[in-house]
């Protein structure tokens with residue numbers, strides 16, 4: 001397995017829908033202890049415990065600590081440098097050097113500064129003591145000004161412990177940014193010849209970490225996959241789908257072999273997303289492999305490790321962004337425009353995410369590859385009506401997230417033979433909205449999900465120093 005672009009910085013076998021690992025730390029300064037007629041350190045430790053409980057709703061808190069000085073912060077440097085995010089809980093005025101000492105070796109870890117108050121209201125008779133205990137709007141700029149001076153990307157949120165929902169949202173976003181930055185993305189083979197816009201340019205500084213695997217190694221891994229594991233996956237597939245009689249036992253077995261191999265490779269690489277170009281002689285054209293492995297890609301995507309086809313790294317990153325926020329995502333193309341119904345058709349070449357399937361999906365032969373020697377199986381379902389977003393990631397030429405909010409129309413297109421949906425842009429007729437979508441620099445692939453998430457993606461783009469464009 002060949003590695004490139006910092007691919008040694010891996011995440012392990014966790015998938016993006018699993019809980020991110022974060023640090024929650026509270027800077028403290030004993031300078032203020034004489035202003036408080038009780039044990040101020042114990043008070044702040046209690047406040048940290050509340051912050052950890054709140055943060056734990058979405059993430060796994062790997063490090064939780066009060067930081068009384070720079071020495072204590074330095075002692076934690078090695079524990080925070082490989083996490084998904086660092087949450088700095090600011091509750092009081094503290095010299096900025098304390099926080100910056102903690103972050104010295106965590107230059108790639110996204111940061112959230114959480115200005116936390118104990119109550120949502122100030123009591124009558126606000127006092128000198130209250131200035132100390134409720135000092136988050138003093139302590140927070142002490143930290144953020146130092147971060148800005150150091151050219152670190154960060155986000156800020158202000159809440160009380162009684163109404164922390166905005167903090168939970170901010171933590172979800174910063175963890176997603178951390179997963180994107182850490183990666184890696186598994187790249188099996190090279191993009192289809194001529195697909196010049198689906199991979200980052202070699203000179204890009206954007207932190208897309210990836211691990212490259214030649215297609216021949218994937219084919220060999222599938223051919224030699226463990227028989228017990230293959231039988232297990234075959235049984236799961238038959239249990240998960242309504243399998244049409246036209247799907248052959250051999251096709252399901254080959255799909256299961258590809259899945260077993262892919263899971264093993266993903267675990268070994270610590271990959272959080274991936275892409276495959278199966279349109280090569282070593283895969284679809286190889287009698288020992290012989291199918292388009294769309295079913296395997298969809299089953300991993302459903303479990304939280306999104307995969308694209310054709311070697312599309314950039315759309316894999318878009319899908320990873322959506323799934324890191326906790327949402328399902330469909331790899332797709334905008335296939336056609338219906339001007340009269342003010343909608344577009346979304347479909348693909350057989351990939352799926354069952355998180356978008358309303359019931360039990362059919363499993364049918366993939367009609368895109370009907371002339372293959374072994375016609376691989378794929379899921380078939382239509383996405384029901386409801387809110388929707390399209391998300392793309394492009395280099396145009398700077399890194400850019402593009403979001404279109406709208407709705408799934410409920411229009412079904414089962415004759416496509418693949419997962420499908422009708423999508424309507426918000427605000428403007430499809431002719432104008434789709435033209436703006438194309439003007440933004442998107443490729444012909446993007447990720448669809450069943451929520452509106454422009455605000456989430458905007459925050460993640462800022463954390464990753466990327467542009468953000470919303471077209472509807």
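Every number in this text was worked out from the coordinates using simple rules, so none of it is lab data. From a predicted model like this one, the values you see are computed outputs, not experimental measurements. Neighbour counts run over all protein chains shown; Cβ positions are idealised from the backbone, glycine included.
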Relative packing of 154-162, 109-117, 245-253, which averages over residues the other C-beta atoms within 10 Å, highest first: 109-117, 154-162, 245-253
So, for the Cα atoms of segment 316-472, Rg and Dmax in Å stand at 15.4, 48
Per segment 186-344, sqrt(5λ) over the Cα gyration tensor eigenvalues, sorted largest first, in Å, gives 25, 21, 16
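Report the full-extension gain for the segment residue 267 to residue 108: residue separation times 0.36 nm, less the Cα-Cα distance, to one decimal in nm.
This chain segment gains 55.0 nm when fully extended.
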Per 0.36 nm of contour for each residue apart, how much would the distance between residue 336 and residue 166 grow if the chain were fully extended, relative to their Cα-Cα spacing? 57.4 nm
Angle, helix 40-55 long axis vs. longest principal axis of the chain, Cα atoms, 0 to 90°, nearest 10? 10
Report the Cα centroid-to-centroid distance between segment 171-201 and segment 208-247 in angstrom, as an integer. 22
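Please work out the ratio of the alpha-carbon Rg of segment 77-157 to 2.2 N^0.38 Å and round it to two decimals.
Taking the Cα Rg and dividing by 2.2 N^0.38 Å, one obtains 1.20.
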Honestly segment 313-378 on the Cα gyration tensor test (a ≥ b ≥ c root eigenvalues; a/c under 1.5 rounded, otherwise a/b vs b/c for prolate or oblate) is just oblate
Nearest 10, in degrees from 0 to 90: the angle of helix 136-149 to the longest Cα principal axis of the chain is 60
Which three numbers, in whole Å and largest first, are the semi-axes of the equivalent ellipsoid of segment 52-120 derived from its Cα gyration tensor as √(5λ)? 19, 16, 10
Rounded to the nearest 5, the percent of DSSP beta bridges in the chain running antiparallel is 45
For segment 264-284 and segment 415-432, what is the centre-to-centre distance using only Cα atoms, to the nearest Å? 29
How do the peptides 169-179, 97-107 rank, highest first, by the average count of neighbouring beta carbon atoms within 10 Å per residue? 169-179, 97-107
State, to one decimal in nm, how far the label point of residue 79 lies from the label point of residue 35, with both points 7 Å from Cα in the Cβ direction. 2.8
Roughly speaking, what is the stretch gain from residue 196 to residue 432, that is 0.36 nm per residue apart minus the C-alpha to C-alpha distance, in nm to one decimal? 82.3 nm
So for R0 = 41 Å, FRET eff. of residue 216-residue 455 from the Cβ-Cβ r, to 0.05, ends up at 0.40
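To check you understand DSSP bridge types, tell me what percent of the beta bridges within segment 2-181 (both residues inside) are antiparallel, rounded to 5.
Values: 1 of 24 bridges.
Roughly 5 percent of the DSSP beta bridges within segment 2-181 come out antiparallel.
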Tilt relative to the chain, helix 227-240 - C-alpha long axis, 0 to 90 degrees, to 10: 90
Bridge orientation stat for segment 103-243 from DSSP, antiparallel percent rounded to 5, came to 10
For segment 129-280, alpha-carbon Rg relative to the globular expectation (2.2 N^0.38 Å, N residues): 1.59
Taking each pair of distinct Cα atoms in segment 185-470 once, what is the resulting Kirkwood hydrodynamic radius in Å? 18.9
Any chance you could get the radius of gyration and Dmax over the Cα atoms of segment 2-181, in Å? 16.4, 66
In whole angstrom, the spacing between the Cα centers of segment 322-348 and segment 84-157 equals 40
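Cα gyration tensor of segment 265-377, axes a ≥ b ≥ c as square roots of the eigenvalues: rounded (a/c below 1.5), prolate (a/b > b/c) or oblate?
oblate
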